[in-house]
Amino acid sequence: MSLVARLFLLLFLATFTSSIFPSPLIAFDEPMQSIKTGNITGVYYAAGSAVAKMHNRKLKEYKLRLIAEASEGSIANIDDVANGLASFGIAQANALYFAKNGEHYWQDTPQDKLRSVLGLYTEAFTIVAAVDAGINSLADLKGKTVNIGELGSTDGIQAKGILNFIGLDLEKDLTITEKPTYEASELLQQGDIDAYFYTVGHPNLSVKEASHGDRKIMIVAPGQELIDFLTSNREDLVERVIPIDYYTEIANKEPVRTIGVKAILFCNTDADEEVVYHMVKEVFENLDLFKQQHPAFANLTPEKLTTELIVPLHPGAKRYFKEAGLLR
Ligand code: GLU
(Lines give C-alpha, C1' and ligand atoms only; values in the text may rest on other atoms or scores of the structure.)
Protein backbone atom coordinates (compact mmCIF):
# COMPACT_ATOMS: atom_id res chain seq x y z
CA MET A 1 0.00 0.00 0.00
CA SER A 2 1.36 3.40 -0.91
CA LEU A 3 2.18 5.95 1.77
CA VAL A 4 -0.70 8.16 0.68
CA ALA A 5 -3.10 5.23 0.80
CA ARG A 6 -1.84 4.27 4.28
CA LEU A 7 -2.24 7.83 5.57
CA PHE A 8 -5.72 7.95 4.11
CA LEU A 9 -6.60 4.66 5.80
CA LEU A 10 -5.25 5.88 9.15
CA LEU A 11 -7.23 9.10 8.89
CA PHE A 12 -10.35 7.16 7.96
CA LEU A 13 -9.92 4.76 10.92
CA ALA A 14 -9.26 7.61 13.34
CA THR A 15 -12.42 9.41 12.25
CA PHE A 16 -14.49 6.24 12.28
CA THR A 17 -13.33 4.95 15.67
CA SER A 18 -13.72 8.33 17.36
CA SER A 19 -17.32 8.49 16.19
CA ILE A 20 -18.20 5.07 17.60
CA PHE A 21 -16.09 5.28 20.76
CA PRO A 22 -16.82 8.59 22.49
CA SER A 23 -13.75 10.23 23.97
CA PRO A 24 -13.40 10.02 27.75
CA LEU A 25 -14.61 12.98 29.84
CA ILE A 26 -11.97 15.65 29.95
CA ALA A 27 -11.33 16.90 33.49
CA PHE A 28 -11.00 20.64 34.01
CA ASP A 29 -7.60 22.08 34.82
CA GLU A 30 -8.60 23.78 38.05
CA PRO A 31 -9.73 22.00 41.25
CA MET A 32 -13.47 21.34 41.50
CA GLN A 33 -16.03 21.17 44.29
CA SER A 34 -19.53 19.88 43.82
CA ILE A 35 -22.95 21.14 44.80
CA LYS A 36 -25.34 18.18 45.20
CA THR A 37 -28.76 19.16 43.89
CA GLY A 38 -31.78 17.08 42.85
CA ASN A 39 -33.01 15.37 39.74
CA ILE A 40 -32.80 17.28 36.49
CA THR A 41 -36.52 18.07 36.15
CA GLY A 42 -36.55 19.80 39.55
CA VAL A 43 -35.34 23.28 40.49
CA TYR A 44 -32.40 22.33 42.77
CA TYR A 45 -30.38 21.39 39.71
CA ALA A 46 -31.04 24.82 38.19
CA ALA A 47 -30.28 26.50 41.54
CA GLY A 48 -26.97 24.65 41.99
CA SER A 49 -26.04 25.47 38.39
CA ALA A 50 -26.89 29.14 38.91
CA VAL A 51 -24.75 29.38 42.08
CA ALA A 52 -21.89 27.65 40.25
CA LYS A 53 -22.29 30.01 37.31
CA MET A 54 -22.09 33.13 39.49
CA HIS A 55 -18.94 31.81 41.18
CA ASN A 56 -17.27 30.44 38.05
CA ARG A 57 -17.44 33.80 36.28
CA LYS A 58 -14.33 34.50 38.38
CA LEU A 59 -12.79 31.09 37.79
CA LYS A 60 -9.35 32.49 37.03
CA GLU A 61 -9.27 34.59 40.18
CA TYR A 62 -10.76 31.96 42.53
CA LYS A 63 -8.91 29.03 40.93
CA LEU A 64 -11.78 26.72 41.73
CA ARG A 65 -14.67 25.42 39.63
CA LEU A 66 -18.03 24.69 41.24
CA ILE A 67 -20.08 21.95 39.59
CA ALA A 68 -23.78 21.21 40.07
CA GLU A 69 -24.37 17.48 40.45
CA ALA A 70 -27.74 15.77 39.99
CA SER A 71 -28.84 13.60 42.94
CA GLU A 72 -31.83 11.92 44.58
CA GLY A 73 -32.56 15.06 46.62
CA SER A 74 -32.36 16.57 50.11
CA ILE A 75 -31.75 13.47 52.20
CA ALA A 76 -29.00 12.12 49.97
CA ASN A 77 -27.44 15.60 49.82
CA ILE A 78 -27.42 16.03 53.60
CA ASP A 79 -25.87 12.60 54.04
CA ASP A 80 -23.17 13.24 51.43
CA VAL A 81 -22.26 16.68 52.78
CA ALA A 82 -22.33 15.52 56.42
CA ASN A 83 -20.01 12.65 55.51
CA GLY A 84 -17.63 14.79 53.44
CA LEU A 85 -18.55 13.14 50.12
CA ALA A 86 -19.62 16.47 48.62
CA SER A 87 -18.73 20.04 49.56
CA PHE A 88 -22.17 21.64 49.16
CA GLY A 89 -25.77 20.59 48.89
CA ILE A 90 -29.28 21.98 48.61
CA ALA A 91 -31.97 20.72 50.94
CA GLN A 92 -35.43 21.52 52.19
CA ALA A 93 -35.56 23.41 55.50
CA ASN A 94 -37.57 20.58 57.09
CA ALA A 95 -34.97 17.97 56.06
CA LEU A 96 -32.19 20.09 57.61
CA TYR A 97 -34.36 20.46 60.70
CA PHE A 98 -34.80 16.66 60.97
CA ALA A 99 -31.05 16.13 60.47
CA LYS A 100 -30.12 18.74 63.07
CA ASN A 101 -32.54 17.33 65.62
CA GLY A 102 -32.00 13.64 64.92
CA GLU A 103 -35.51 12.91 63.67
CA HIS A 104 -37.03 10.65 60.98
CA TYR A 105 -34.22 9.44 58.68
CA TRP A 106 -31.66 10.69 61.24
CA GLN A 107 -33.47 9.23 64.26
CA ASP A 108 -31.00 9.31 67.18
CA THR A 109 -28.11 10.47 64.96
CA PRO A 110 -28.34 14.29 65.04
CA GLN A 111 -26.02 15.97 62.53
CA ASP A 112 -24.29 18.88 64.25
CA LYS A 113 -21.72 19.75 61.57
CA LEU A 114 -24.21 21.12 59.01
CA ARG A 115 -23.86 24.84 58.24
CA SER A 116 -26.00 27.15 56.11
CA VAL A 117 -24.64 29.19 53.22
CA LEU A 118 -27.67 30.84 51.57
CA GLY A 119 -31.43 30.68 51.75
CA LEU A 120 -32.99 30.24 48.32
CA TYR A 121 -36.61 30.25 47.03
CA THR A 122 -39.62 28.59 48.69
CA GLU A 123 -40.61 25.16 47.41
CA ALA A 124 -44.22 24.00 47.42
CA PHE A 125 -45.69 20.68 48.51
CA THR A 126 -47.31 19.59 45.23
CA ILE A 127 -49.68 16.77 44.32
CA VAL A 128 -49.98 16.26 40.57
CA ALA A 129 -52.93 14.05 39.57
CA ALA A 130 -54.64 12.82 36.42
CA VAL A 131 -58.04 14.49 36.14
CA ASP A 132 -59.63 11.14 35.18
CA ALA A 133 -58.53 9.68 38.55
CA GLY A 134 -61.06 11.94 40.30
CA ILE A 135 -58.67 13.17 42.99
CA ASN A 136 -59.99 16.49 44.24
CA SER A 137 -58.71 16.28 47.80
CA LEU A 138 -56.18 14.26 49.81
CA ALA A 139 -58.93 11.89 50.96
CA ASP A 140 -59.60 10.95 47.32
CA LEU A 141 -56.14 9.32 47.20
CA LYS A 142 -57.73 6.27 48.81
CA GLY A 143 -57.51 3.29 46.46
CA LYS A 144 -55.18 5.08 44.06
CA THR A 145 -51.60 4.43 42.92
CA VAL A 146 -49.36 7.26 44.03
CA ASN A 147 -45.64 7.87 43.48
CA ILE A 148 -43.91 9.38 46.50
CA GLY A 149 -40.40 9.71 45.09
CA GLU A 150 -37.26 7.70 45.67
CA LEU A 151 -35.42 7.18 48.91
CA GLY A 152 -33.05 10.14 49.15
CA SER A 153 -35.68 12.77 48.38
CA THR A 154 -37.83 14.13 51.19
CA ASP A 155 -41.06 13.38 49.37
CA GLY A 156 -41.50 9.97 50.96
CA ILE A 157 -41.17 11.17 54.57
CA GLN A 158 -43.62 13.98 53.91
CA ALA A 159 -46.07 11.82 52.03
CA LYS A 160 -46.16 9.33 54.90
CA GLY A 161 -46.74 12.11 57.46
CA ILE A 162 -49.50 13.70 55.40
CA LEU A 163 -51.28 10.43 54.60
CA ASN A 164 -51.14 9.57 58.30
CA PHE A 165 -52.62 12.96 59.17
CA ILE A 166 -55.66 12.32 57.00
CA GLY A 167 -56.01 8.78 58.34
CA LEU A 168 -54.95 6.81 55.25
CA ASP A 169 -52.99 3.64 55.90
CA LEU A 170 -50.04 3.46 53.53
CA GLU A 171 -50.07 -0.31 53.46
CA LYS A 172 -53.79 -0.87 53.02
CA ASP A 173 -55.49 2.20 51.62
CA LEU A 174 -53.42 2.97 48.56
CA THR A 175 -50.63 1.64 46.35
CA ILE A 176 -47.35 3.46 46.77
CA THR A 177 -44.53 3.55 44.21
CA GLU A 178 -41.08 5.00 44.94
CA LYS A 179 -39.76 5.88 41.51
CA PRO A 180 -37.49 8.89 40.93
CA THR A 181 -39.58 11.99 40.36
CA TYR A 182 -38.09 12.59 36.90
CA GLU A 183 -39.99 9.48 35.78
CA ALA A 184 -43.28 10.50 37.40
CA SER A 185 -44.67 12.62 34.54
CA GLU A 186 -44.22 9.73 32.11
CA LEU A 187 -45.67 7.20 34.55
CA LEU A 188 -48.74 9.41 34.95
CA GLN A 189 -49.19 9.77 31.21
CA GLN A 190 -48.76 6.00 30.68
CA GLY A 191 -51.47 5.30 33.26
CA ASP A 192 -49.05 3.54 35.66
CA ILE A 193 -49.84 5.96 38.49
CA ASP A 194 -52.80 8.21 39.30
CA ALA A 195 -50.87 10.93 41.08
CA TYR A 196 -47.44 11.90 42.39
CA PHE A 197 -46.11 13.92 45.29
CA TYR A 198 -43.28 16.36 44.69
CA THR A 199 -41.99 19.15 46.89
CA VAL A 200 -40.39 21.50 44.41
CA GLY A 201 -40.07 25.12 43.28
CA HIS A 202 -42.46 26.43 40.61
CA PRO A 203 -42.49 26.51 37.71
CA ASN A 204 -40.66 23.25 37.06
CA LEU A 205 -40.15 20.90 34.14
CA SER A 206 -41.82 17.94 35.84
CA VAL A 207 -45.29 19.52 35.95
CA LYS A 208 -44.72 21.12 32.56
CA GLU A 209 -43.86 17.73 31.03
CA ALA A 210 -46.77 15.99 32.75
CA SER A 211 -49.16 18.62 31.39
CA HIS A 212 -48.28 17.96 27.77
CA GLY A 213 -49.64 14.43 27.39
CA ASP A 214 -53.07 13.18 26.34
CA ARG A 215 -54.08 12.60 29.97
CA LYS A 216 -55.23 15.92 31.39
CA ILE A 217 -53.61 16.76 34.73
CA MET A 218 -54.30 19.01 37.70
CA ILE A 219 -52.55 20.12 40.89
CA VAL A 220 -54.57 19.00 43.92
CA ALA A 221 -54.88 21.40 46.87
CA PRO A 222 -54.01 19.66 50.17
CA GLY A 223 -56.68 21.61 52.05
CA GLN A 224 -56.59 24.46 54.57
CA GLU A 225 -56.87 22.17 57.61
CA LEU A 226 -53.54 20.50 56.84
CA ILE A 227 -51.88 23.81 55.92
CA ASP A 228 -52.98 25.38 59.22
CA PHE A 229 -51.94 22.33 61.23
CA LEU A 230 -48.45 22.16 59.73
CA THR A 231 -47.66 25.86 59.53
CA SER A 232 -48.81 26.66 63.07
CA ASN A 233 -46.67 23.95 64.64
CA ARG A 234 -43.39 24.26 62.77
CA GLU A 235 -40.75 26.95 62.21
CA ASP A 236 -39.69 25.43 58.88
CA LEU A 237 -43.07 25.31 57.10
CA VAL A 238 -45.09 28.24 55.72
CA GLU A 239 -48.21 28.78 53.63
CA ARG A 240 -47.53 29.07 49.91
CA VAL A 241 -49.48 29.55 46.69
CA ILE A 242 -48.48 27.68 43.52
CA PRO A 243 -48.77 30.03 40.54
CA ILE A 244 -50.24 28.27 37.51
CA ASP A 245 -49.73 30.73 34.66
CA TYR A 246 -46.66 28.84 33.40
CA TYR A 247 -48.64 25.58 33.14
CA THR A 248 -51.01 26.53 30.34
CA GLU A 249 -52.34 22.99 29.79
CA ILE A 250 -53.39 22.02 33.32
CA ALA A 251 -57.02 21.84 34.43
CA ASN A 252 -56.66 24.27 37.40
CA LYS A 253 -58.11 27.72 36.82
CA GLU A 254 -56.80 29.31 40.04
CA PRO A 255 -53.44 29.27 41.86
CA VAL A 256 -53.23 26.44 44.40
CA ARG A 257 -52.84 27.07 48.14
CA THR A 258 -50.41 24.66 49.80
CA ILE A 259 -47.50 24.24 52.23
CA GLY A 260 -44.17 25.89 51.48
CA VAL A 261 -40.66 25.09 52.64
CA LYS A 262 -37.45 26.95 51.97
CA ALA A 263 -34.66 25.47 49.85
CA ILE A 264 -31.32 26.07 51.55
CA LEU A 265 -27.75 25.87 50.25
CA PHE A 266 -25.58 24.31 52.92
CA CYS A 267 -22.17 22.77 53.64
CA ASN A 268 -20.46 21.30 56.68
CA THR A 269 -18.06 22.83 59.19
CA ASP A 270 -15.05 21.73 57.10
CA ALA A 271 -15.98 23.90 54.08
CA ASP A 272 -13.28 26.41 53.24
CA GLU A 273 -14.15 29.88 54.53
CA GLU A 274 -12.81 31.64 51.41
CA VAL A 275 -14.81 29.41 49.06
CA VAL A 276 -18.06 29.98 50.97
CA TYR A 277 -17.36 33.71 51.15
CA HIS A 278 -16.82 33.89 47.37
CA MET A 279 -19.97 31.90 46.59
CA VAL A 280 -22.14 34.12 48.74
CA LYS A 281 -20.49 37.32 47.49
CA GLU A 282 -20.97 36.41 43.83
CA VAL A 283 -24.66 35.57 44.29
CA PHE A 284 -25.31 38.80 46.20
CA GLU A 285 -23.35 41.05 43.93
CA ASN A 286 -24.98 39.58 40.82
CA LEU A 287 -28.43 39.06 42.27
CA ASP A 288 -30.27 40.36 39.18
CA LEU A 289 -28.36 38.00 36.92
CA PHE A 290 -28.88 35.17 39.41
CA LYS A 291 -32.65 35.76 39.41
CA GLN A 292 -32.72 35.52 35.64
CA GLN A 293 -31.37 31.96 35.73
CA HIS A 294 -34.80 30.46 36.55
CA PRO A 295 -38.33 31.86 36.98
CA ALA A 296 -38.55 30.26 40.46
CA PHE A 297 -35.87 32.73 41.63
CA ALA A 298 -37.82 35.81 40.49
CA ASN A 299 -38.91 36.87 43.98
CA LEU A 300 -35.58 36.39 45.74
CA THR A 301 -34.53 39.25 48.01
CA PRO A 302 -31.43 39.78 50.21
CA GLU A 303 -33.71 39.11 53.20
CA LYS A 304 -34.78 35.69 51.81
CA LEU A 305 -31.16 34.80 51.14
CA THR A 306 -30.12 35.49 54.73
CA THR A 307 -32.98 34.38 56.99
CA GLU A 308 -34.64 31.17 58.28
CA LEU A 309 -31.61 29.04 57.55
CA ILE A 310 -32.32 26.33 60.20
CA VAL A 311 -28.68 25.32 60.79
CA PRO A 312 -25.96 27.77 61.99
CA LEU A 313 -24.41 30.04 59.40
CA HIS A 314 -20.99 29.04 58.05
CA PRO A 315 -18.26 31.58 59.00
CA GLY A 316 -17.60 32.38 55.30
CA ALA A 317 -21.26 33.35 54.77
CA LYS A 318 -21.35 35.22 58.08
CA ARG A 319 -18.32 37.29 57.04
CA TYR A 320 -20.00 38.39 53.79
CA PHE A 321 -23.39 39.09 55.41
CA LYS A 322 -21.64 41.28 58.01
CA GLU A 323 -19.58 43.16 55.45
CA ALA A 324 -22.70 43.79 53.36
CA GLY A 325 -24.55 45.10 56.43
CA LEU A 326 -27.06 42.24 56.30
CA LEU A 327 -26.17 40.94 59.75
CA ARG A 328 -25.29 42.75 62.93
N1 GLU B 1 -37.43 19.01 47.31
C2 GLU B 1 -36.89 17.90 46.60
C3 GLU B 1 -36.07 17.04 47.55
O4 GLU B 1 -35.82 17.39 48.64
C5 GLU B 1 -36.04 18.32 45.42
C6 GLU B 1 -36.68 19.33 44.54
C7 GLU B 1 -35.85 19.80 43.38
O8 GLU B 1 -34.99 19.05 42.92
O9 GLU B 1 -36.05 20.94 42.94
O10 GLU B 1 -35.61 16.01 47.25
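For the chain, what D do you get in µm² per second when you plug the Kirkwood radius from alpha-carbon pairs into Stokes-Einstein at 37 °C and 0.692 mPa s?
Reported coefficient: 155 µm²/s.
As a test of the formula, what do you get for the chain when each DSSP H run with n ≥ 4 contributes -39,500 (n - 2.57) and the sum is divided by the residue count, at 222 nm and rounded to the nearest 500 deg cm²/dmol?
The helix contribution divided over the chain gives -10500 deg cm²/dmol.
Any idea how far the Cα center of the range 191-213 sits from the one of the range 253-328, in Å?
26 Å
Ordering Met54, Met218, Met32 by accessible area with a probe of 1.4 Å, largest first, what comes out?
Values: Met54 0, Met218 35, Met32 90 Å².
From most accessible down to least: Met32, Met218, Met54.
Amide H of Glu123 versus every other amide H placed in the peptide plane: which residues, excluding those fewer than 5 positions away on the same chain, fall under 5 Å?
Val261, Lys262, Ala263
Rank Phe290, Phe165, Phe98 by mean-square fluctuation in a GNM of the chain with C-alpha springs under 10 angstrom and give only the top-ranked residue.
Evaluated over the chain, the most mobile residue of the options is Phe165.
Where the accessible area of the range 59-138 is counted over protein heavy atoms with a 1.4 Å probe, how much of it, in %, is carbon and sulfur?
Of all accessible area on the range 59-138, carbon and sulfur atoms account for 44 percent.
Rounded to the nearest whole Å², what accessible area per residue is found for the range 193-291 with the 1.4 Å probe?
Heavy-atom SASA per residue in the range 193-291 reads 42 Å².
Counting other C-beta atoms within 10 Å, and keeping those with at most 16, which DSSP coil trypsin sites (Lys or Arg not before Pro) do you find in the range 218-311?
Of the trypsin sites (Lys or Arg not before Pro), the ones in loops of the range 218-311 whose Cβ has at most 16 other Cβ atoms within 10 Å are Arg234, Lys253.
Kindly report the accessible area of the range 21-138 per residue (heavy atoms of protein chains, probe 1.4 Å, no ligands, DNA or RNA), in Å².
Value returned for the range 21-138: 43 Å² of accessible area per residue.
Explain nothing, just the number: dipole magnitude of the chain about its Cα centre with +1 on each Lys and Arg Cβ and -1 on each Asp and Glu Cβ, in debye rounded to the nearest 20.
Here the chain has a charge dipole of around 980 debye.
Accessible surface of His278 in the full protein assembly, 1.4 angstrom probe, to the nearest 10 Å²?
40 Å²
Springs between alpha-carbon atoms under 10 Å, Gaussian network over the chain: tell me which of Leu118, Leu188, Leu85 tops the mean-square fluctuations.
Leu85
Could you tell me what percent of the DSSP beta bridges with both partners in the chain are antiparallel, to the nearest 5?
65 percent
State the percentage of accessible surface on the range 159-270 attributable to carbon and sulfur atoms; use a 1.4 Å probe and exclude ligands, DNA and RNA.
Working: 2420 of 5210 Å².
Ligands and nucleic acids excluded, carbon and sulfur give 46 percent.
Given contacts defined as C-alpha pairs under 8 Å and at least six residues apart, what's the relative contact order of the chain, whole-number percent?
Working: 638 pairs, mean separation 74.6, N = 328.
So the answer I get is 23 percent.
Would you kindly find the accessible area of Thr231, with a 1.4 Å probe and non-protein molecules such as ligands, DNA and RNA excluded, rounding to the nearest 10 Å²?
Accessible area of Thr231: about 40 Å².
With a ≥ b ≥ c taken as the square roots of the eigenvalues of the C-alpha gyration tensor of the range 248-328, please select rounded if a/c is under 1.5 and otherwise prolate if a/b is larger than b/c or oblate if it is not?
Details: a/c = 2.50, a/b = 1.99, b/c = 1.25.
Since a/c reaches 1.5 and a/b is larger than b/c, the shape of the range 248-328 is classed as prolate.
Identify the GluC sites (Glu not before Pro) of the range 162-259 meeting these criteria: DSSP loop state and at most 12 other C-beta atoms within 10 Å of the C-beta.
Numbers: sites: Glu171, Glu178, Glu183, Glu186, Glu209, Glu225, Glu235, Glu239, Glu249; in loops: Glu171, Glu178, Glu235, Glu249.
For GluC sites (Glu not before Pro) across the range 162-259 that sit outside H, G, I, E and B with at most 12 neighbouring Cβ atoms in 10 Å, the list reads Glu171, Glu235, Glu249.
The values are calculated or read from the model by the stated rules, or taken from the named source; none is laboratory data. Keep in mind it's a predicted model, so treat the numbers as computed, not measured. Ideal geometry is used to build each Cβ from the backbone, glycine not excepted, and the neighbour counts take in all protein chains shown. For accessibility, only protein heavy atoms count, side chains too; no ligands or nucleic acids. Shrake-Rupley method; radii C 1.70, N 1.55, O 1.52, S 1.80 Å.
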